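Notes to accompany the following structure.
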Amino acid sequence: MTEPLWTFEALVAAMRGRPTSTAAPAISGISIDSRTVKPGDAFFAIRGDRFDGHDFVGKAAAQGAAVAVIAEDRLSALGRLTIPLVVVGDVLAALESLGRAARARSVAGIAAVTGSVGKTTTKEMLARALAATGPTHFSPASFNNHWGVPLTLARMPADAAYAVFEIGMNHPGEIVPLVQQVRPHVGIITTIEPVHVEFFPDGIEGITRAKAEIFAGIERGGVAILNRDNPQFEPLALMAIDSGVERVLGFGENGDAEARLTAIDLLPDHSSVKADILGREVRFTIGAPGRHLVQNALAVLLAVHILGGDLDLAADSLSGMAAPAGRGAQHVLSLGEGEALLIDESYNANPTSMRAAIAVLAASKPAPGGKRIAVLGDMLELGERSGEMHAGLVEPLTAAGIDRVYCAGRLMQALWSVLPSDMQGQYAETAEELDVILGDAIAGGDVIMVKGSKGSRMTPLVERLTTRFAKPEPDNAGQDPEIEGLA
Ligand SMILES: CC(=O)N[C@H]1[C@@H](OP(=O)(O)OP(=O)(O)OC[C@H]2O[C@@H](n3ccc(=O)[nH]c3=O)[C@H](O)[C@@H]2O)O[C@H](CO)[C@@H](O)[C@@H]1O[C@H](C)C(=O)N[C@@H](C)C(=O)N[C@H](CCC(=O)N[C@@H](CCC[C@@H](N)C(=O)O)C(=O)O)C(=O)O
Ligand SMILES: Nc1ncnc2c1ncn2[C@@H]1O[C@H](COP(=O)(O)OP(=O)(O)OP(=O)(O)O)[C@@H](O)[C@H]1O
Ligand SMILES: C[C@@H](N)C(=O)N[C@H](C)C(=O)O
C-alpha cells in the first residue's frame, strides 16, 4: 500500500488546528477548489478575490473530499457537514504551515525558479530533466504566488527525490515570504527584463532587486544560477553574495558561463545544442523551437548537475519536451484546402517574450505559397513607456520578414500605426473581433503565431480557431492536439 500524503494526525499537528472529529481519514491530496477536488483530498477553504471557499465546503465533501480545513469565524455558519473538519484561525496561514511541514520532512533536492520571463517553461523543463533520475514533484501550471507556492509545497510527497517550484511576483516584497517557505538548494533567475514595469517606478533596477529576493531563502551551502548574458548578471551576483549565497554560477553564451553554449542549430521544430556544463561536454536536442528555450535549457542542466541528477539522462529527456500550452504549443488547423500551423503564445506578452516568439515564427517554414502571420494583442503592465514598447515591435517584425500582422487592442494601435502597409493585415479593437477576420484570412500552408498578455484575451481566440478548424476525426482520436502538434 502506498503511504498517504498526510495522515490526519500529521495534518492537524502541522497546522495546530482543532479537529471536530476523532475520525482519521488518510489524505491523498490537497485542494483549494471544489471544482477540481478529488476523493481523499483535504479541502482548504480559501478566501479569494471573488469567492469564499467556505461557500463550497459542502460541494467539496460531496465530491469526496476527506477533510475540510476551515476558519473558526465561519464554523457556526457552515451547518452540518458529512466530513471531519479542522478548524484554524486563518486558512491560508494553515496551508502555509502545512507547506512548511512538508518542506521540513523532505529529503528532496529542491530548486526554485524565478525571472521576468521563462519561469514556467524552465520549471517544466527542469522537472522533466530531474524526473529522468528520480521522482520529482513540481508546481502545476504557473502556481507561483501566495496561494500557488504553499499549495504546491503542501502537496509534496515525503519521498520525492527532487522538487521544482516556480516563484513569481509583480510587486516588490512578494518573493521573500515564498522563497522562505520553499528553502531551495538551488535558486534560478532566468533573466531580468522590463516586465510588470508599471509596478516598478525605478524600472530594471527595481525589478532586479525584487528578483534578488530569491537569495533570501536559498539554503546554506546552496547555489544561485544566473543568466550570464543578461546585463543584470553582475549586480545580481553581488546581491547573492551579500545575501550569504556561497556559490554563484552563470549560464549563457558568455565565455565565463559555467553552463556555456558552444554550438547551436535552430530549426523550425526543434534545436540541436552543444554545451559545456561545468567542464563536461553535453550534446542534446530540445523538442521545441526557439533560442530562448536553449537559454532555459542551459540553466536546467546546470541545476540538474548541482542537485546530483544524471546529466546525460537529463540532456536526453529534453528531446521529448513540447512547449507548454500558451507558451509556444503548436496546433494543426485543418482549412479544407490544406493545413496551417498555429503557434499558441497567448499566455503572456512583454517586449522580451514577443521578440522570442517572433524569432520562432521567423524560423518556421510555411508550405509553398503560405505566409508567416503574427496576431498580436496588447502587452499589459508596461507603464509609461508602453506606447514606445508596442511601436518598437515593428523592428523585429520587419527584420524577421513576417508577411502579415494582425493587431487587437487599444495599446496595439501604437504598433499598427507604424507598420509598413504591405505588412498590415487588419486592426480590431478586441481579440474577439479577429475571429471572423482571421477565419477568412488564413489559408493552408500558413504559420500563424498568436500572442498577447493574458488580459488581452488572445487565449479564447486560439481556442475558437482550434475548435473551428480542428482536424477531423479519426486523425485526432484519443490524442492531445498539443502533444500531437509539430512541437
Ligand atoms: C485562490 C485561487 O486559486 N483562485 C482561483 C479560482 O478563482 P475564482 O475565480 O474561483 O475566485 P476566488 O479566487 O475568489 O475563489 C476563492 C476560493 O474559492 C474557491 N472556489 C471558487 C468557486 C467554486 O466553485 N469552488 C471553489 O472552491 C477557489 O478555488 C478559491 O480557492 O479559480 C480561477 C479559475 O480556475 C483561478 O484562476 C484562480 O487562481 C488565482 C488567480 C491564483 O492566483 N491561483 C494560484 C493557485 C496560482 O498560483 N495561479 C497561477 C497564476 C499566478 C500568477 O498570475 N502569478 C503572477 C505573479 C504573482 C503576482 C501576485 N502579486 C498575485 O497577484 O498573485 C505572474 O505574473 O505569474 C496559475 O493559475 O497558473
Ligand atoms: N528565456 C526566455 N527569454 C525570452 N523569452 C522567453 C524565455 N522563456 C520563455 N520565453 C517566452 O515567454 C513566454 C512566457 O514563458 P513562461 O510562461 O515560461 O514565462 P513566465 O515567466 O512563467 O511567465 P508568467 O510570469 O506570465 O507566468 C513564452 O511563451 C516565450 O514566448
Ligand atoms: C498572466 C500573468 N502571469 C502575467 O505575466 N501577466 C503579464 C502582464 C502578461 O500577461 O504578459
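Some notes on this structure:
- FRET efficiency, Glu384 to Glu234 (Cβ-Cβ, R0 35 Å, nearest 0.05): 0.80
- Unit Cα scatterers, Debye sum, region 329-468: log10 I(q)/I(0) for q = 0.09, 0.10, 0.22 Å⁻¹: -0.22, -0.27, -1.47
- Simple Cβ-charge dipole of region 223-327, Lys/Arg +1 and Asp/Glu -1, about Cα centre, in debye nearest 20: 200 debye
- When a 1.4 Å probe is rolled over the protein heavy atoms, the share of accessible surface on region 329-468 that falls to carbon and sulfur comes to 49 percent.
- Between the Cα long axis of helix 458-468 and the first principal axis of the chain there is an angle of about 70°, rounded to the nearest 10.
- The distance linking region 190-220 with region 228-298 is 19 Å (Cα centroid to Cα centroid, whole angstrom).
- Cut-off 15 Å (backbone N to label point 7 Å along Cα→Cβ of Thr82), residues of region 40-57: 40-41, 57
- Cα-Cα over 26 Å, subset of Lys274/Lys365; Lys119/Lys365; Lys211/Lys454; Lys59/Lys454: Lys119/Lys365; Lys59/Lys454
- The chain gives an Rg/Rh value of 0.99, both radii derived from C-alpha positions and Rh following Kirkwood.
- Rolling a 1.4 angstrom probe over the protein heavy atoms with all chains in place gives region 8-88 an accessible area of 51 Å² per residue.
- The distance between label points at Arg220 and Ala141 comes to 3.8 nm (points 7 Å beyond Cα on the Cα→Cβ vector).
- FRET efficiency, Leu335 to Ala104 (Cβ-Cβ, R0 60 Å, nearest 0.05): 0.60
- Extending 7 Å from Cα along the Cβ direction at Arg464 and again at Asp55 yields two label points whose distance is 2.9 nm.
- Between Asp73 and Val418, the contour length at 0.36 nm per residue exceeds the alpha carbon distance by 118.5 nm.
- Length added when fully stretched, Arg16-Glu429, from 0.36 nm per residue minus Cα-Cα: 143.4 nm
- For a straight C-alpha distance cut-off of 16 angstrom, the aspartates and glutamates reachable from Lys371 (same-chain residues fewer than eight places away being disregarded) are Glu337, Glu339, Asp403, Asp422, Asp440, Asp446.
- Each DSSP beta bridge with both residues in region 329-468 is either parallel or antiparallel, and the antiparallel ones are about 25%.
The values are calculated or read from the model by the stated rules, or taken from the named source; none is laboratory data. All values reported here derive from a predicted model rather than from experimental measurement. All Cβ positions, glycine included, derive from the backbone under ideal geometry; neighbour counts span all protein chains shown. To get the accessible areas, we keep the full protein, side chains included, count just its heavy atoms, and leave off ligands, DNA and RNA. Shrake-Rupley method; radii C 1.70, N 1.55, O 1.52, S 1.80 Å.
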